[in-house]
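Worksheet for the structure shown next.
All of the numbers you see were taken from the coordinates with simple rules; none came from a lab. Owing to the predicted nature of the structure, the values given are computational and were not obtained by experimental measurement. Glycine also receives a Cβ, built like all others from the backbone with ideal geometry; neighbour counts cover every protein chain displayed.
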Amino acid sequence: MNAPGPSPTASTAFAETLISVPSLRCAGCIAKLEDGLAQAPGIAAARVNFTAKRVAIAHAPDMAVPDLLDMIGSLGFEAQPLAEAAETKDSESRQLVRAMAVAGFASMNVMLLSVSVWSGADGATRDLFHWLSALIALPTVAYSGRPFFKSAWAALRHGRTNMDVPIAIGVALVSALSLFETIVGGPHAYFDGAVMLLFFLLVGRVLDSVMRDRARDGVTALLKHTAPGALVLKPDGSTAWRDAQSLAPNMRMIVAAGERLAADGVIEKGESHFDRALMTGESAPQRALPGDAVHAGTLNLDAPVTVRVTAAGPDTAIADIARMMENAGQARSRYVRLADRAARLYAPAVHTLAALSFAGWMLAGAGWHDALLIAVAVLIITCPCALGLAVPAAQIVVAGALMRAGVLVKDGSALERLADADRALFDKTGTLTLGRPEPDNLADLSTGQQSVLLGLVRASRHPLSQALRRAIEAEGIAAADIHAIAETPGTGLSGAWQGKAVRLGRADDVDGAGSAMACRFEIAGETAITLRFHDQLRPGAVALPAELGALGISSSILSGDRTAAVAPVARALGLTAQTAMLPEDKLASIARLSAGGAKVLMVGDGLNDGPALAAGHVSMAPASASDAGQNAADAVWLGDSIAPVATAIRAARRTMRVVRQNFAIAIGYNMIAVPMAFLGYVTPLVAALAMSGSSLIVVGNALRLRKAAR
Amino acid sequence: MSGLAFLIPVALLLGLGGLGAFLWALRGGQFDDLDGAALRILIEDDKKNGADR
């Protein structure tokens, strides 16, 4: 099990399912999960991918997803099925790594031959070495150059130009001219320049794509997918598991306590509380009776219900919001990355320079061969080798630093946009607050009472019970033995402790619609105690507005919650707030600010924030956010504290400073090297030294960012 | 000079060998789970190995 043996996909008789296990933390977890699953009946093999925090299980085809989840649960891990099938094996970054490996091999070997030529090989030996170099370099250019040729061709076809156009033209021209030189037995061939250029540029590309993959893996592992399916009650009374896509209106699904709904519907039987935070951002659970409408993605809290499906798949309210998000995200896709903006100025300048040097030397009577050789030298020297590395190198170093600090940034463009932000909008529930109730007055209970309470609430999944359990366990109090625990939906928990009846139930004197949530705890023969709860602010939230203010960012709150619930938070943070906002209102508010020229940073978590997260110039979400929120956000931070928001902005701004320095270095290098190339002093040796020298300086400068996220 | 005829192919073959090994490892999925690979070394293979010590 320990050795990286054959992948479980190898045998076709088994079905393979990917399951996300976010709680994998150590080597012990890998062994426990893999060995535990492998011994379970019906499972052929299990292989953990620790980086992506998921496990691939090869199992008998008749096993359903819930069985697998139960098995993983019984081993002590929380798990969520991954909706998408196994990712494509041949991902973009793999292709890039292969291209890079080939270019690296070629540049080493061509350099070996070139060094001998530079040290004085001539005559037949030089020609032989040039031919050998051509033999290695030409196939390499054809293979490793493909990403650049493709992208350049795509840009040219649409009448645009990008960084890849000068690269593609440069590499193609250099290779063609060097081949010609080799055939006529000339003294200079630039094969080493061509392959080294490709190698350095591919290193930049690989860094960029590794960064995107890593963040994507991290986020996928965190995704709490809305229910992938439901248990459907057939007319004959039997039940079957159907996945969400194959649910249809008028089917009846049985939704157990603790399950998310897979489709919109109306309750037919049973009553329960639903956590609708995903849809509305409201933290208090809502009661639903037969006849009430419930929405896909909401969490059934305390009792099993039978729901008649009214809308499934693309017709659900959740899917509506997803469409709104898609439209809102279009503005962002028009953002042009810094490197491409630089290329818009750079590419024409480079081509003009090369053309000018060719024309100049022709006029000076140098003959077309010499003039072309000099033009090619200009192209090689100006090829944006340092530029191509300047941005990705800085960004991947910072992304690594941020990841260690608990912030996953999805791609380089997110970092660029994060540095731009000058206006911050925050959602309340789950973003500024933890989004889970915390008991206020637990200290009113004696230690003995708390231990009785813990024994009682351990049996329930209701959010208030869970909050009590966390709070009491945090104090290190052991649970008392409670017998005959019963949970009545909507009423509460009851049990017996040393023969006395104990009860935890609704507090009738506190209105459920007020800002406080409360419940009443009663031990027979003692006075009842009302426990109050409120949604606590995240650690670091109070300091955040001032921290952002120091960065020149003004903040305010956009909440879907009622004014009464938002006011205390707004007061604590000293922020203005807009309340009772629908997703559309949030969108409109962002559009208004953007029209005024502000670069909006949206920080939110719920599904109702999804469109706003997609519409903001840049957006962040906590790891506790809904699936949709995390997908829409540019960066996701882990942990309870909200302080990483400011950390990420500071790190992004430092990155942009280093990127600008790198641009300045690259331009300074060109200002020295281009006149030399223009005058015809650049031999292949000088080009090789200049190219690798400038790349090393740029990468070295980027490495200074390793501690940027402190 | 005659050494070249021998040394150059050797250099190229060694390089190609390295490239081939890297691509083979890449295809075999050895770079898929770098963090996990670092941790797996800590897992005891099975009980028998522990008893042999």
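Three principal axis extents describe the C-alpha atoms of chain A; from largest down they are 109, 60, 47 Å. The charge dipole of chain A, taken about the Cα centre with unit charges on the Cβ atoms of Lys, Arg (+1) and Asp, Glu (-1), comes to about 1720 debye, rounded to the nearest 20. Since only A:Phe148, A:Leu373, A:Ser133 are under comparison, the one whose Cα sits farthest along the positive direction of the charge dipole of the protein assembly as shown, derived from C-beta charges on Lys, Arg, Asp and Glu, is A:Leu373. Label separation (A:Arg146 vs A:Leu582): 5.0 nm, computed from points 7 Å beyond Cα along the C-beta direction. In this calculation the C-beta distance from A:Val65 to A:Ser91 is compared with R0 = 25 Å, giving a FRET efficiency of 0.50. Distance between the modelled labels on A:Asp640 and A:Ala474, one decimal in nanometres: 0.4 nm (7 Å Cα→Cβ projection). Charging the Cβ of each Asp and Glu at -1 and of each Lys and Arg at +1, and nothing else, the dipole of the stretch A:436-537 about its Cα centre rounds to 300 debye.
Name the helices (complete DSSP H segments) of chain A with a Cα length along the long axis of 24 Å or more and a Kyte-Doolittle mean of at least -0.5, or state none. What comes out of the filter, once short or polar helices are dropped, is A:92-118, A:124-144, A:164-184, A:191-222, A:338-363, A:385-404, A:644-678, A:684-703.
Note on B:Val10/A:Phe180: beta-carbon distance plugged into 1/(1 + (r/R0)^6) with R0 of 35 Å gives a FRET efficiency of 0.70. Checking the Cα-Cα distances for A:Lys586/A:Lys707; A:Lys53/A:Lys410; A:Lys410/A:Lys599; A:Lys410/A:Lys586 against a 25 Å cut-off, the pairs over it are A:Lys586/A:Lys707. Estimated at 0.36 nm per residue, the fully extended path between A:Ala459 and A:Leu685 surpasses their Cα-Cα distance by 73.8 nm.
Taken as Cα centroids, the stretch A:157-186 and the stretch A:455-478 sit 69 Å apart, rounded to the nearest whole angstrom. Taking a Cβ cut-off of under 12 Å around A:Ala60, the surrounding Lys, Arg, Asp and Glu residues balance to a net charge of -3, with basic ones at +1 and acidic ones at -1. Subtracting the Cα-Cα distance of A:Asp315 and A:Leu345 from their residue separation scaled by 0.36 nm leaves 6.1 nm. For chain A, averaging the sequence separation of C-alpha pairs within contact (under 8 Å, six or more residues apart) and dividing by the residue count gives a relative contact order of 13 percent.
In plain terms, the chain from A:Asp236 to A:Arg503 could stretch by 92.2 nm, reckoned as 0.36 nm per residue minus the Cα-Cα distance. For the stretch A:523-623, what value does the Rg/Rh ratio take when both radii are computed over Cα atoms and Rh is the Kirkwood radius, given to two decimals? With Rh from the inverse mean 1/r over Cα pairs, Rg/Rh is 1.11.
In this simple spin-label model, placing a label point 7 Å from the Cα along the Cα-to-Cβ direction at both A:Lys707 and A:Asp444 gives a separation of 5.0 nm.
Among beta bridges from DSSP that stay inside the protein assembly as shown, the antiparallel ones total about 80%.
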